[in-house]
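Every number in this text was worked out from the coordinates using simple rules, so none of it is lab data. These numbers come from a predicted model, not from an experiment. Here Cβ is always computed from backbone atoms with ideal geometry, including for glycine, and neighbour counts include all displayed protein chains.
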Amino acid sequence: MTAVLSTHGLIARYGDFQALYGVDIDLAEGEAVALIGANGAGKSTFLRAVMGLLRVAPDMVRLKGQPIGGMATDRMVQMGISIVPEGRRLFTGMSVEDNLRVAVDQAQRMGRKGGWSLARLQALFPILKDKARTPVESLSGGQQQMVAIGRALLCQPSVLLCDEISLGLAPKVIREIYAALPEIRAQGTAVMLVEQDVGLAQSASDRLYCMLEGRVTLSGRSAEVTRDQIGAAYFGGSHAVV
Amino acid sequence: MTSIPISPASAAPAVTVRRQTTSGRIALTLFAIAILALALMPWWAKTGTIRMVLELCCYIAVAQMWNMLAGYAGLVSVGQQAFMGAAGYAMFVLAQTFGVNPFLAIALSLVVPAVLAVPCYFLLHRLDGPYFAIGTWVVAEVFRLVSTNLGWVNAGAGMSLTVMKDYSAFQRNIAMSLLCAVMILLTIGGSYWFLRSRYGLALIAMRDNPVAAASQGVNVKRLRFMIYVAAAVGCGLAGSVYFMAQLRINPASAFDPMWSNLAIFIVMVGGIASIEGVLIGTAIYFVADRWFGAYGASYFVVLGVMTVLVALYARTGIWGLVSRRWDAPWFPIRRHLILKTEEKP
């Protein structure tokens, strides 16, 4: 399997503070990869670095083999990487449909083609059709998350990065959102799930990476990795856990 | 323009996009009539009325440019008078010093704000929020000081447009009326066209959350730059036209911060991020200026207090309050997806 997105010795800093110490992660077409780790492990930093929101060297991030590290965020989207940002970051004051249209307009402008249309998205998440004209801020958290995912999908990505999409949502809603994953992947889109919930991450992904203090401490097939291994990688070597 | 068919994706139902509303169609018709009425002013209005309308049109143009900057691009400028003065001076120099036809000079003078806006933006674009605002003010003051010290624009004494005496009063009225029509068409019509283009929603998204907008593929940097340059040209046009009507220009009037004050008042009170708000705000300002202008300083205090109250308690301005109650936009920019099988709501 060839990697769609890969990082090579990815290093990122916030000023003098180094947050990532040489991270190697790759995603293949249509694959779901989970990225887990405790708070402050560097998961969100990893996504920010990939999306060009932090300065990184070009060669550290590659899309289909091409160096793209540190490019402007909108260029990343143009090349096929979309993000569902943590905390959703919807455009308040706009209706659900207008929020989605931002992505439709931009995809059209950049000439990105793909299988996602507003109508198809509304078939995937019917609530987006019922609430099309509702201001996004009056939606529930789960519904907002669906808007955020929809917005990212309408950019017609080949790689979808999801930053803690289950955060603060009821288990039932989380299941609803994760149920959409197979259809997204069927499109050939590679999905990276950054998750706090280890069980959920493990069951929803093909492979997983565990990070600790800016380094990858464990990687492997989600079905084969044991809880003990994850526990050790999650909290550091010496802890025997769970 | 009412509906744009979208090619349906695999297994997706056929849909159309509805963009225009009844209120929008009525407003668009009225807008076209207004532009026509402006152009035909010499045949129905007195010279005094034309001058008053011209001033009104300049207010609308400057306020709308400020609205595009602050309401959409998130660039709060208090120095747009820099480009009004620069274009005004350019027009005076071309017409008075070089003998270019003054009406051609207005068109040519627009190159100056466009060219000046580029280096200004490169100086200012790293500044954020209030720092950006202060920076723009500094730029305007620098422009004023430079013009005060330039011999070939007659320094602090300013210039007069004596070449205008070659034209009869009626000819000047025709020119003023046409300029009003063109100015409104370019600033209001142009903004509306831009907001309805695929940049429109991107612009609103960008104002709301630049990082998230960039994550949806919006080229935030380039859009901001485009808006800044366009607003400079729009303000320049208003400046050229205004000072041509005044027949005099000097540094104090050309780079008068009053223009920024009135733009802020108009947009904040009328309703930020809406064209409707600019029209409402201008009407209020214009009436207030006629009725209470004689009270001088205390009148400005009242305008300032009004702006602050609106900013604190009704951030969307008068238009925001109106549109919350009646969903009848004059310049609709939203689009609605309608399934073919459905009845239009």
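How big is the gap, in Å, between the Cα center of the range B:213-243 and the Cα center of the range B:81-120? Using only Cα atoms, the two centres lie 18 Å from each other.
Ellipsoid semi-axes for the protein assembly as shown, based on the Cα gyration tensor and the rule √(5λ), read 53, 27, 20 Å when sorted largest first. For the range B:22-256, the gyration tensor built on C-alpha atoms gives an oblate shape. Its axis ratio a/c (a ≥ b ≥ c) is at least 1.5, and a/b is not larger than b/c.
The residue list A:L160, A:L90, A:A28 was ranked by how far each Cα lies along the charge dipole of the range A:3-235 toward its positive end, using unit charges on Cβ atoms, and A:L90 comes out on top. Label-to-label distance for B:V211 and B:V308 is 3.3 nm, based on points extended 7 Å past Cα in the beta-carbon direction. The angle separating the long axis of helix B:47-66 from the principal Cα axis of greatest extent in chain B is about 60 degrees. For the cross-link pairs A:K64/A:K113; A:K113/B:K221; B:K46/B:K165, the ones whose C-alpha atoms lie over 22 Å apart are A:K113/B:K221. Please work out the C-alpha center-to-center distance from the range B:161-182 to the range B:265-302 and express it in whole Å. After rounding, the separation between the Cα centres reads 28 Å. Within the protein assembly as shown, the cysteines lacking any other cysteine Cβ closer than 4.7 Å to their own Cβ are A:C155, A:C162, A:C210, B:C58, B:C120, B:C235. Across chain B, the longest run free of exposed loop sites, meaning trypsin sites (Lys or Arg not before Pro) lying outside DSSP classes H, G, I, E and B with no more than 12 other Cβ atoms within 10 Å, spans B:127-314. How would you classify the range A:100-176 from its alpha-carbon gyration tensor, with a ≥ b ≥ c the square roots of the eigenvalues: rounded for a/c under 1.5, else prolate if a/b is greater than b/c, otherwise oblate? Cα axes put the range A:100-176 in the prolate bin.
R0 = 45 Å: FRET efficiency of B:L30 with A:A170, Cβ-based, nearest 0.05? Here the calculated transfer efficiency is 0.35.
Close amide-amide hydrogen proximity is noted between A:V61 and A:H8, A:I68, A:G69, each under 5 Å apart and 5 or more residues distant or on a separate chain (H modeled in the peptide plane; Pro and chain starts excluded). Using Cβ point charges alone (K and R +1, D and E -1), the dipole size of chain B about the Cα centre works out to roughly 640 debye. Between A:Y178 and B:V76, the modelled label-to-label distance comes to 4.4 nm, taking each label 7 Å out from Cα in the direction of the beta carbon.
With a Förster radius of 51 Å applied to the beta-carbon distance between B:A252 and A:S203, the computed FRET efficiency rounds to 0.10. Among B:P332, B:G239, B:Y121, pick out the residue whose Cα is farthest towards the positive end of the charge dipole of chain B, where Lys and Arg carry +1 and Asp and Glu carry -1 on C-beta, about the Cα centre. It is B:P332.
Distance between the 7 Å Cα→Cβ label points at B:D289 and A:A186: 6.2 nm. Rounded to two decimals, the Cα-based Rg/Rh of the range A:3-235, with Kirkwood Rh, is 0.95.
If R0 is taken as 41 Å, the Cβ-Cβ distance between B:K46 and B:S298 corresponds to a FRET efficiency of 0.85.
Would you kindly state the longest site-free stretch of chain B, with sites defined as GluC sites (Glu not before Pro) in a DSSP loop (not H, G, I, E, B) surrounded by at most 13 other Cβ atoms within 10 Å? Please report the intermediate quantities before stating the final value.
Numbers: sites that count: B:E342, B:E343.
Looking at chain B, B:1-341 is the longest stretch - no exposed GluC sites (Glu not before Pro) with at most 13 other Cβ atoms within 10 Å.
Here the gap between B:L321 and B:S160, fully extended at 0.36 nm per residue and compared with their Cα-Cα distance, gives a gain of 53.5 nm. Looking at the range B:146-189, none of the chymotrypsin sites (Phe, Trp or Tyr not before Pro) sits in a DSSP loop with at most 12 other Cβ atoms within 10 Å of its own Cβ. Between helix B:22-39 and chain B there is an angle of about 20 degrees, using the helix long axis and the longest principal axis of the Cα atoms. Quick check for you: which residues of the range B:221-258 have the amide N under 11 Å from the point 7 Å beyond the Cα of B:L127 toward its beta carbon? Label zone hits: none.
Can you tell me, using C-alpha contacts under 8 Å and at least 6 residues apart, the relative contact order of chain B as a whole percent? Walk me through the numbers on the way to the answer.
On the way: 510 pairs, mean separation 111.0, N = 345.
Relative contact order, chain B: 32 percent.
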